[in-house]
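Colleague: Dropping the structure in here first, questions after.
The values are calculated or read from the model by the stated rules, or taken from the named source; none is laboratory data. Quick caveat: nothing in here was measured; it's all calculated off a predicted structure. Cβ sites come from the backbone with ideal geometry, for glycine too, and all protein chains shown count toward neighbours. We work out accessible area using only protein heavy atoms, side chains counted, and drop any ligands, DNA or RNA first. Shrake-Rupley method; radii C 1.70, N 1.55, O 1.52, S 1.80 Å.
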Amino acid sequence: MTKLIVDGKEIDVPPEYTLLQACEAAGAEIPRFCFHERLSIAGNCRMCLIEVAGMPKPQASCALGVKDLPPNKDGSPKVLNTRTPMVRKAREGVMEFLLINHPLDCPICDQGGECDLQDQAMAYGVDASRYRENKRAVEDKYIGPLVKTIMTRCIQCTRCIRFSAEVAGVPELGAIGRGEDMEITTYLEQAMTSELQGNVVDLCPVGALTSKPYAFAARPWELGKTESIDVMDALGSAIRIDTRGREVMRILPRTNDEVNEEWISDKTRHVVDGLRTQRLDQPFVREHGRLRPATWNEAFAAIAAKVNGAQGNRIGAIAGDLAAVEEMFALKDLMVRLGSGTIDARQEGAAIDPKWGRATYLFNATIAGIEHADALLIVGSNPRREAAVLNARIRKRWRGGNFPIGLIGEKADLTYPYQYLGAGPETLAGLGNNKFAEVLKNAERPLILVGAGALARADGAAIAALAAKTAVDFGAVKDGWNGFSVLHAVASRVGALDLGFVPAANAPNATQMAAGGVDVLFLLGADEIEVQPGPFVVYIGTHGDRGAHRADVILPGAAYPEKSALYVNTEGRVQMAKRAAFPPGDAREDWAILRALSDLLGHRLPYDSLAQLRQAVFAAHPHMMRIDQIAAGDPADVAKLAKAGGNTNRTGFRSAVADFYLTNPITRASATMAECSALAHSAAKTAAE
């Protein structure tokens with residue numbers, strides 16, 4: 001540690017700190033535009049100037065390290081001042097330069113009210129400009145459907161360039177020209193292709209880069225702000241949902257170093273318009289082949305007539321990809337009371353069984369644990385598509401050095417280099433003969449990342465056993481480290497497995513139910529499975545998607561911003577989504593629909609409120625009450641799975657996500673996501689040609 005005196009206060013800081021970090025550790029506030037904790041240092045805005053005793057000029061505190069300070073001759077601590085007249089004058093001068101060309105369009109700027117430049121101009125701006133020449137103007141650039149550019153406002157902090165190159169790993173933004181002629185743009189004004197590009201809007205300290213879908217929609221002081229979690233993938237990224245009245249206006253990231261740091265994917269951020277479109281806002285009943293609007297009583301009566309006439313083992317339920325813990329628990333409870341064990345949450349047919357043990361289906365290394373791994377083997381996954389923020393974490397670890405990566409599965413641009421080992425199970429089974437085997441054996445903490453796509457096959461159970469055997473054989477499962485990590489692609493999966501939402505012994509699974517293995521089928525937001533003619537289908541969901549098209553009765557439910565609900569992410573972390581808005585029309589929360597329906601079916605569920613339902617969940621599954629904590633799985637379960645064996649086929653692995661932008665009913669209802677998807681397919685086709 002190094003002793004410093006900041007504004008008269010003596011502190012100890014690590015020598016690798018910058019002076020900016022040292023000053024902030026002492027409680028001083030340092031203005032900045034270019035510096036960001038998660039990006040490399042540029043040192044080009046000069047707003048963070050401070051005075052260092054013994055140095056004649058103000059110093060850029062972001063670019064000068066504590067260890068780089070020349071020591072005092074008498075060995076006394078260096079003295080840093082952040083509030084002297086010299087510092088004040090230097091910062092006012094920098095601000096004057098920044099405002100020379102900056103347009104005065106705050107009233108029409110989407111950044112107004114949450115703009116760093118506005119805030120710092122209030123503190124360090126002067127009341128008049130000495131600049132009399134013509135202002136510089138820059139042509140706006142097209143960089144895609146998500147980010148709007150007004151480049152005359154740009155102050156060349158280069159945060160967006162550094163984010164694209166370092167974090168996203170898709171270096172599409174760059175600077176052309178020099179001095180006053182410098183402009184930030186993409187190559188030939190092409191659209192950005194990164195799945196994380198929306199984060200440049202958060203990083204931009206002025207209004208040069210703003211959200212195109214959100215343009216001129218609202219001011220920040222009009223919005224109600226609710227902290228929640230994302231369900232567009234299985235990571236559970238921390239988000240803030242901003243609402244005006246009953247309408248969700250935008251979604252922004254929150255900082256959570258354990259999960260998403262401070263980034264979110266473009267799907268998470270821009271799916272907002274899908275929450276308003278194609279919504280189910282009243283019950284429907286199918287009569288004479290056509291759906292007609294109905295009352296809740298009519299819909300319940302139609303369901304009761306079918307359920308009461310069916311045998312218990314001929315009633316089934318499938319939970320969808322966005323289903324929350326409480327509603328799945330209530331649905332399972334209702335099925336048990338109806339005498340049915342025919343339930344499943346694995347729409348795509350993944351061969352994962354909670355009986356194997358919790359460690360066999362969790363991302364055991366944890367998301368933050370990726371940074372402690374020293375080798376990575378990816379099996380049947382494309383993390384860039386399945387979990388873009390986790391892919392950025394892998395890239396972050398790769399940039400740290402000494403992190404060899406091997407891939408078995410589809411070749412893809414993952415934003416970091418890897419050694420391609422092969423396409424399918426044969427490569428995984430024969431890994432011991434590959435040079436990469438030595439890399440894994442010599443690693444202290446190897447990570448085996450198994451994608452959901454590798455398990456959603458006819459031989460999925462054998463693949464799971466083979467991956468577990470690989471993890472055990474190459475030392476990925478040992479005291480203090482469990483590197484066997486399953487990357488799920490959907491938010492509901494781990495919660496469903498924790499609840500045991502899988503078929504009872506000898507009961508049909510989701511695929512068999514959809515093929516006609518039951519007489520009455522409840523779909524709890526299940527839209528990724530094609531139900532064949534035959535079963536009487538009751539759909540509880542939010543959008544007029546595939547499940548609603550096939551339904552005989554539709555019961556309108558609540559989307560994830562419209563309910564308080566528990567989810568469990570891919571690493572087993574229990575998280576709580578909070579209600580930010582209310583469902584439209586007659587739509588209700590899913591658990592409340594099931595509770596009301598149970599009354600009419602003569603099997604009343606014993607909870608009348610969400611609090612009572614949660615108490616029942618916690619009683620049956622105590623780990624669910626530990627919010628934002630991970631109940632670790634037993635590594636012995638992985639060793640047991642490794643001995644299970646099984647026959648594999650020769651088919652190559654495929655990613656669980658074919659189109660990053662269109663993965664669930666909300667994204668498919670979004671015009672923004674449709675535009676992004678079309679652009680991505682166009683770019684892929686052009687690249688192939």
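Colleague: Before we move on, is Val170 touching a residue at least 60 places away in the same chain (Cβ under 8 Å) and buried (at least 17 other Cβ atoms within 10 Å of the Cβ)?
Modeller: Taking the combined requirement at face value, the residue satisfies it.
Yes/no matrix, rows are residues, columns are (1) in a loop (DSSP other than H, G, I, E, B); (2) crowded, with 19+ Cβ neighbours inside 10 Å; (3) of a type in the set (Asp, Glu); (4) in contact with a Pro (Cβ under 8 Å, 6 or more places away or on another chain):
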{"position": "Ala217", "(1), (2), (3), (4)": "yes, no, no, no"}
{"position": "Trp221", "(1), (2), (3), (4)": "no, no, no, no"}
{"position": "Lys225", "(1), (2), (3), (4)": "no, no, no, no"}
{"position": "Ser228", "(1), (2), (3), (4)": "no, yes, no, yes"}
{"position": "Ala234", "(1), (2), (3), (4)": "yes, yes, no, no"}
{"position": "Arg240", "(1), (2), (3), (4)": "no, no, no, yes"}
{"position": "Thr243", "(1), (2), (3), (4)": "no, yes, no, yes"}
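Colleague: Continuing with the same structure: Looking only at segment 291-314, which residues are basic (Lys, Arg) and part of a helix (DSSP H, G or I)?
Modeller: Selection gives Lys306, Arg314.
Colleague: What is the one condition in (1) farther than 15 Å from Ser485 by Cβ; (2) among the hydroxyl-bearing types (Ser, Thr, Tyr); (3) crowded, with 22+ Cβ neighbours inside 10 Å that Tyr418 does not satisfy?
Modeller: Among (1) farther than 15 Å from Ser485 by Cβ; (2) among the hydroxyl-bearing types (Ser, Thr, Tyr); (3) crowded, with 22+ Cβ neighbours inside 10 Å, the lone unmet condition for Tyr418 is (3).
Colleague: Here is a further query. Which condition number in (1) assigned to a helix (DSSP H, G or I); (2) under 28 Å from Glu172 (Cα atoms) is the one that Ala462 fails?
Modeller: All conditions pass for Ala462, except number (2).
Colleague: Still on this structure: Starting from residues that are of a type in the set (Gly, Ala, Ser) and more than 12 Å from Val502 (Cα to Cα), keep the ones in segment 321-347 and report whichever is surrounded by the fewest Cβ atoms within 10 Å (Cβ to Cβ).
Modeller: Checking each candidate, the answer is Gly339.
Colleague: Six or more apart or on different chains, Cβ atoms under 9 Å: show the pairs whose first residue is in segment 55-75 and in a loop (DSSP other than H, G, I, E, B) and whose second is open to solvent by 100 Å² or more (accessible area, probe 1.4 Å).
Modeller: Pro58/Arg46; Pro58/Lys89
Colleague: Right, here's the next one. Select from segment 88-98 the residues that are crowded, with 17+ Cβ neighbours inside 10 Å and either under 14 Å from Ala28 (Cβ atoms) or in contact with a strand residue (DSSP E or B) (Cβ under 9 Å, 6 or more places away or on another chain) (or both) and list them in ascending order.
Modeller: The answer is Ala90, Arg91, Val94.
Colleague: Another question, then. Take Lys469 and tell me if it is closer than 20 Å to Arg358 by Cβ, among the basic types (Lys, Arg) and over 23 Å from the mean Cα position of the chain (by Cα).
Modeller: Yes: the conditions hold for Lys469.
Colleague: Shifting gears a bit: Can you report the number of residues in segment 520-547 which are closer than 21 Å to Val271 by Cα, out of contact with any helix residue (DSSP H, G or I) (no Cβ under 7 Å at 6 or more places or on another chain) and surrounded by fewer than 24 Cβ atoms within 10 Å (Cβ to Cβ)?
Modeller: Final tally of qualifying residues: 3.
Colleague: Would you confirm whether or not segment 54-70 contains a residue that is open to solvent by 20 Å² or more (accessible area, probe 1.4 Å), modelled with pLDDT of 90 or more and either closer than 17 Å to Gly8 by Cα or aromatic (Phe, Trp, Tyr) (or both)?
Modeller: no
Colleague: Sticking with this structure for a sec: Just checking, how many residues over segment 594-603 are open to solvent by 40 Å² or more (accessible area, probe 1.4 Å) and either under 12 Å from Ala330 (Cβ atoms) or in contact with a Lys or Arg (Cβ under 8 Å, 6 or more places away or on another chain) (or both)?
Modeller: 2
Colleague: Also, quick follow-up: State which residue pairs qualify: first residue of a type in the set (Gly, Ala, Ser) and inside segment 569-592, second residue part of a loop (DSSP other than H, G, I, E, B) and surrounded by fewer than 19 Cβ atoms within 10 Å (Cβ to Cβ) in any location, beta carbons under 6 Å apart, and separation of 6 or more residues or different chains.
Modeller: Ala581/Arg246; Gly585/Asp281; Gly585/Gln282; Ala587/Asp281
Colleague: Out of curiosity, is Thr185 more than 27 Å from Ile666 (Cα to Cα) and touching a strand residue (DSSP E or B) at 6+ places or on another chain (Cβ under 8 Å)?
Modeller: yes
Colleague: Among the residues of segment 557-593, count how many are surrounded by 23 or more Cβ atoms within 10 Å (Cβ to Cβ) and closer than 23 Å to Leu338 by Cβ.
Modeller: Here the count works out to 4.
Colleague: So Asp140 passes all but one of these: (1) in contact with a strand residue (DSSP E or B) (Cβ under 7 Å, 6 or more places away or on another chain); (2) open to solvent by less than 60 Å² (accessible area, probe 1.4 Å). Which condition number does it fail?
Modeller: The one condition Asp140 does not meet is (2).
Colleague: Examine segment 165-179 for a residue that is of a type outside the set (Gly, Ala, Ser) and farther than 27 Å from Asp659 by Cα, and state whether such a residue exists.
Modeller: The answer is yes, given that some residue of segment 165-179 is of a type outside the set (Gly, Ala, Ser) and farther than 27 Å from Asp659 by Cα.
Colleague: Which residue, of Ala351, Ala319, Ala330, Ala324, is modelled with pLDDT under 95 and aliphatic (A, V, I, L, M)?
Modeller: Ala351 is the lone residue from the list that is modelled with pLDDT under 95 and aliphatic (A, V, I, L, M).
Colleague: Just to be sure before I move on: is Val201 touching a residue at least 24 places away in the same chain (Cβ under 8 Å) and open to solvent by less than 10 Å² (accessible area, probe 1.4 Å) in the structure I sent?
Modeller: Against the criterion (touching a residue at least 24 places away in the same chain (Cβ under 8 Å) and open to solvent by less than 10 Å² (accessible area, probe 1.4 Å)), Val201 does not qualify.
Colleague: Considering each of Asn44, Asn81 in turn, give the residue that is under 22 Å from Leu203 (Cα atoms), in contact (Cβ under 8 Å) with a residue 12 or more places away in the chain and either in contact with a His (Cβ under 6 Å, 6 or more places away or on another chain) or among the polar types (S, T, N, Q) (or both).
Modeller: Answer to the check: Asn44.
Colleague: Any residue in segment 596-613 that's free of Cβ contacts under 8 Å to residues at least 12 places away in the same chain: show its pairings with residues that are of a type in the set (A, V, I, L, M) and open to solvent by less than 90 Å² (accessible area, probe 1.4 Å) at Cβ separation under 8 Å, as long as the two are six or more apart or on different chains.
Modeller: From segment 596-613, the pairs are Pro606/Ala616.
Colleague: Same structure again: For Gly27, only one of the following conditions fails: (1) over 15 Å from Lys78 (Cβ atoms); (2) touching a residue at least 24 places away in the same chain (Cβ under 8 Å). What is its number?
Modeller: Every condition holds for Gly27 apart from (2).
Colleague: Now a separate question. Which count do you get for residues in segment 425-441 that are touching a residue at least 60 places away in the same chain (Cβ under 8 Å) and open to solvent by 10 Å² or more (accessible area, probe 1.4 Å)?
Modeller: 3
Colleague: With respect to the numbered conditions (1) more than 19 Å from Ile554 (Cα to Cα); (2) crowded, with 24+ Cβ neighbours inside 10 Å, which one is the sole condition not fulfilled by Gly312?
Modeller: (2) is the only condition that Gly312 fails.
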